[in-house]
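Colleague: Input: one structure, supplied below.
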Amino acid sequence: MRGPHQYDGGVSTGGAALDSNARSPLSPGTRVDVRNRYQGTWARGFEVAECTEDGYRIRRLSDGSVLGELFSRDDVRRQRNRQGFWWH
């Protein structure tokens, strides 16, 4: 049984969600990790530029470029802090 606050894919729902797969949308400016479409690994250094009905438009932080393709909600998560290794 879950407590009063759920943690769902990097986004806290603040309580019980009607749909266990539902996630709160990420706001523009939120730093995110983006799933590499070829390897399935997560890449850092991005933020949400725009949230649309069809997905997220992503900005690369290193040069401020907005990437051309929309990313689905499954391919974007809140940036996670690196932990567990002395060099992170």
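The values are calculated or read from the model by the stated rules, or taken from the named source; none is laboratory data. Given the structure is predicted, the values throughout are model-derived calculations rather than measurements. A quick note on method: Cβ atoms are made from the backbone with ideal geometry, for glycine too, and the neighbour counts reach across all protein chains shown.
Colleague: Do we find a residue being assigned to a strand (DSSP E or B) and either under 17 Å from residue 68 (Cα atoms) or at pLDDT 95 or above (or both) anywhere in the stretch 4-27?
Modeller: No - not one qualifying residue is present in the stretch 4-27.
Colleague: Same structure again: Give the stretch 55-68 a look and list any residue that's surrounded by 10 or more Cβ atoms within 10 Å (Cβ to Cβ) and not small (Gly, Ala, Ser), or say none.
Modeller: 56, 57, 58, 59, 60, 61, 66, 67
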